[in-house]
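Visitor: Take a look at this one; I'll ask things after.
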Amino acid sequence: MGSQPTEPDYSRTQMNLLATDRQDLEQVLASSLLRLRQQYPACQRLVLGVSGGLDSMVLLHACHRLLAQADQGQSQKQGQPTWPFAGLRVVHVNHGISTHAADWQAHCLAVCGELDIAFVAHQVRVTRVAGQGLEADARAARYAVFEQELAADEALLLAHHQDDQLETVMLRLLRAAGPRGLAGMPESRPLGVGMLWRPLLALPREQLESWAARHTVRWVEDDSNNDDRLSRNYLRQHIMPSLASHWPGWRQSVTRTAELGADADEILTEVAERWLAILSPDSDRLNCASLLNLSAALQRLVIRHWLLRETGQTPGWRLVQRVQVELLGAGENAQPEVNWQHWQLRRFADQLHVLEALEPVPPTPPEGYAWRPQGDGRLVARVLPGNGILRLYQASAGSAGDQAMRFPDGECVIRYRQGGEQCALPGRPRRALKKILQESAIPPWVRERTPLVYIDNKLAWIVGVGVCEGFQAVDEGAGWAVRWQMPSRQDHI
Ligand SMILES: Nc1ncnc2c1ncn2[C@@H]1O[C@H](COP(=O)(O)OP(=O)(O)OP(=O)(O)O)[C@@H](O)[C@H]1O
């Protein structure tokens with residue numbers, strides 16, 4: 001296959017479709033765009049994702065025709081404007097993978113020039129992710145560009161069609177999927193600050209092909225489409241034709257399955273959210289004791305949605321299973337952990353935690369990190385290299401209680417535990433710091449990086465645990481409290 005713009009292949013177009021499709025495709029597009037405008041009134045301008053291939057070229061030309069009709073005064077249909085948008089522009093992502101990448105970009109630029117439509121191209125560097133194919137990596141890079149590119153009043157239109165949807169559902173089925181996977185691609189979803197919209201999702205590929213033929217649309221054939229080592233191509237070339245020959249209604253059946261999947265997913269999401277509101281009301285933690293009271297299937301549902309909520313990534317079946325067995329099933333005193341991408345999933349104090357893996361804290365200088373009062377008597381926030389930031393604030397009566405510290409007159413320094421330290425909390429015997437930390441509510445993965453505030457070389461405050469004997473504020477309102485914001489998003493102590 002070459003990269004040159006190809007003449008439409010008339011031999012593949014079907015006569016019956018040729019007779020009727022022209023209006024159909026444009027009608028379907030127009031009513032989809034009206035629906036977009038009604039559902040998301042904030043979307044006033046359109047951005048088309050155009051690769052240079054047949055599908056997105058059809059979308060581009062068909063949008064251009066609707067826009068031209070509107071300009072020629074045919075803009076009202078049953079009282080509705082046929083083109084209710086203020087702007088239209090095209091974005092092309094050049095992945096730089098194919099040897100024909102520059103031709104695709106040049107073709108998109110040329111067509112947009114002919115149609116007088118604003119065009120922007122982005123060259124991306126595709127980052128390879130272990131265990132993921134090149135196509136998926138390219139897609140991630142592409143969507144990152146789309147997301148960046150989109151403004152809050154814009155919707156991105158992509159030219160996915162019914163065959164793409166069927167392939168997606170079949171591939172997911174073959175890789176194992178629950179209702180969410182079987183639901184296929186949604187017609188719309190939020191993308192960055194804007195919306196993503198797929199106006200051609202209901203139309204079969206054939207219909208796009210015959211429309212392209214009729215309008216002498218030129219496109220660039222993607223040479224990788226012929227490579228049947230790629231699963232999607234194998235399915236398209238070998239499996240789908242035989243399905244059609246034995247089950248003429250298979251497209252409708254799979255489409256219906258996707259619709260049922262979408263319904264089931266919506267209901268399951270509602271159920272999961274209700275449970276999350278109970279089991280993880282206002283924190284990123286999930287309560288194990290209550291979770292264990294649920295049925296095994298409901299546990300997996302809640303775990304899946306909790307991970308999705310906290311990380312933005314959909315966890316696979318195996319991971320959910322591991323969390324259920326290895327973390328939820330662990331004894332109370334065990335401290336198991338499951339690593340997933342750059343997250344750590346841990347169990348501590350009868351809660352499941354999802355943490356972004358933290359870099360180890362860099363070695364502290366022997367003299368510690370000085371934390372000096374300002375001339376006006378206030379201490380400023382102290383950035384701890386690799387370990388977040390400490391802030392001091394005046395503890396108002398009641399807000400900090402016995403956590404309020406006397407104003408540190410002496411030399412104030414921050415250190416971390418080195419081993420062998422001892423101290424006494426008010427009214428308690430002197431003990432090893434290690435023991436005090438172990439018995440505190442501080443999770444084990446935070447203990448070694450817990451800031452220790454020394455005043456005149458004496459341990460005055462174990463952040464997150466309390467003020468040491470001799471340093472507590474006596475008068476209400478006279479004390480100071482410390483807040484530590486860890487480098488990861490979730491932990492404030
Ligand atoms: N390089 C590109 N630049 C701009 N838009 C693109 C590009 N590639 C694809 N698109 C848009 O995305 C649509 C779908 O493309 P394609 O089927 O190749 O994507 P996909 O990898 O299957 O994506 P998805 O993961 O969303 O299914 C195209 O019709 C087009 O609208």
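Visitor: For the modelled label position 7 Å from the Cα of residue 174 along Cα-to-Cβ, which residues of the stretch 227-250 have backbone nitrogen atoms closer than 18 Å?
Guide: Of the residues in the stretch 227-250, 227-247, 250 have backbone N under 18 Å from the label point off residue 174.
Visitor: Amide H of residue 123: which non-local residues (sequence gap of 5 or more, or other chain) have their own amide H closer than 5 Å, using H built in the peptide plane?
Guide: It is 94, by chain and number.
Visitor: Multiply the residue separation of residue 383 and residue 421 by 0.36 nm, subtract the distance between their alpha-carbon atoms, and state the gained length in nm to one decimal.
Guide: Working it through step by step, the gained length comes to 11.3 nm.
Visitor: Return the sequence-ordered ³J(HN,Hα) values of the stretch 183-197 in whole Hz as given by the Karplus equation 6.51 cos²θ - 1.76 cosθ + 1.60 applied to θ = phi - 60°, using x for Gly and Pro.
Guide: 5, x, 7, x, 5, 9, 6, x, 9, x, 8, x, 10, 9, 9
Visitor: Now for a different question. Using modelled backbone amide H atoms (1.01 Å from N, in-plane), which distant-in-sequence or interchain residues come within less than 5 Å of residue 404's amide H?
Guide: Those qualifying (amide H under 5 Å, at least 5 residues apart or on another chain) are 473.
Visitor: From the phi of every residue in the stretch 98-108, what ³J(HN,Hα) in whole Hz does the Karplus formula 6.51 cos²θ - 1.76 cosθ + 1.60 yield, where θ is phi - 60° and glycine or proline is x?
Guide: Once θ is set to phi - 60°, the couplings for the stretch 98-108 become 6, 5, 9, 3, 5, 5, 4, 4, 5, 5, 4 Hz.
Visitor: What is the percent carbon and sulfur in the accessible area of the stretch 96-142, measuring with a 1.4 Å probe over the protein chains and ignoring ligands?
Guide: Its accessible area is 53 percent carbon and sulfur atoms.
Visitor: Helix 296-311 against the longest principal axis of the chain: what's the angle in degrees, Cα atoms only, rounded to the nearest 10?
Guide: Helix 296-311 sits at roughly 90 degrees to that axis.
Visitor: If you don't mind, there's one more thing I want to ask. Sequence-distant or interchain residues sharing an amide H contact under 5 Å with residue 348, placed H: which?
Guide: 353
Visitor: When only DSSP loop residues count, what trypsin sites (Lys or Arg not before Pro) in the stretch 88-156 have their Cβ near at most 12 other Cβ atoms within 10 Å?
Guide: Sparse-neighbourhood loop trypsin sites (Lys or Arg not before Pro): 125, 128.
Visitor: Still on this structure, I have one more. By average Cβ neighbour count within 10 Å, what is the ranking of 346-356, 433-443, 418-428 from highest down?
Guide: Per-residue Cβ counts within 10 Å, averaged per peptide and sorted highest first, yield 346-356, 433-443, 418-428.
Visitor: On to the next question. Given axes a ≥ b ≥ c from the Cα gyration tensor, I'd like to know whether the stretch 5-255 is rounded (a/c under 1.5), prolate (a/b larger than b/c) or oblate.
Guide: Taking the square roots of the gyration eigenvalues as a ≥ b ≥ c, the stretch 5-255 is rounded.
Visitor: Continuing with this model, one more query. In a shell of Cβ-Cβ distance under 10 Å around residue 98, excluding residue 98 itself, what net charge do Lys and Arg (+1) and Asp and Glu (-1) give?
Guide: Taking every Cβ under 10 Å from that of residue 98, the sum is -3.
Visitor: Expressed in nm to one decimal, what extension gain is obtained for the pair residue 431 and residue 314 from 0.36 nm per residue of sequence separation less their Cα-Cα distance?
Guide: Taking 0.36 nm per residue and subtracting the Cα distance, the gain is 37.6 nm.
Visitor: So what is the relative contact order of the chain, in percent, for Cα pairs below 8 Å that sit 6 or more residues apart?
Guide: In percent, rounded to a whole number, it is 12.
Visitor: What is the sum of charges around residue 135, taking Lys and Arg as +1, Asp and Glu as -1, for the other residues whose C-beta is under 12 Å from the C-beta of residue 135?
Guide: That works out to +2.
Visitor: Here's a follow-up. Sum -39500 (n - 2.57) across every DSSP H segment of at least 4 residues in the chain, then divide by the residue count to get the 222 nm mean residue ellipticity, nearest 500.
Guide: When only DSSP H runs of four or more count, the value is -11500 deg cm²/dmol.
Visitor: Nearest 5 is fine: what % of DSSP beta bridges in the chain come out antiparallel, could you say?
Guide: So the antiparallel bridges amount to about 70 percent of the total.
Visitor: Principal axis lengths of the chain from Cα atoms, whole Å, largest first?
Guide: Sorted largest first, the three principal extents are 92, 52, 48 Å.
Visitor: Then there is this: For the chain, with every protein chain kept in place, what is the accessible area per residue (1.4 Å probe, Å²)?
Guide: 51
Visitor: Now a separate question. What does the charge count near residue 436 come to, summing +1 for each Lys or Arg and -1 for each Asp or Glu among other residues with Cβ under 13 Å from its Cβ?
Guide: Cβ neighbours under 13 Å give a net charge of +4.
Visitor: Taking Cα centroids, how far is the stretch 90-165 from the stretch 205-264 in Å?
Guide: If you average the Cα positions of each part, the centres end up 21 Å apart.
The values are calculated or read from the model by the stated rules, or taken from the named source; none is laboratory data. Quick caveat, the model's predicted, so the values are computed rather than measured. Virtual Cβ from ideal backbone geometry, glycine too; neighbours counted across all protein chains shown. SASA here: full protein model, heavy atoms, side chains in, ligands and nucleic acids out. Shrake-Rupley method; radii C 1.70, N 1.55, O 1.52, S 1.80 Å.
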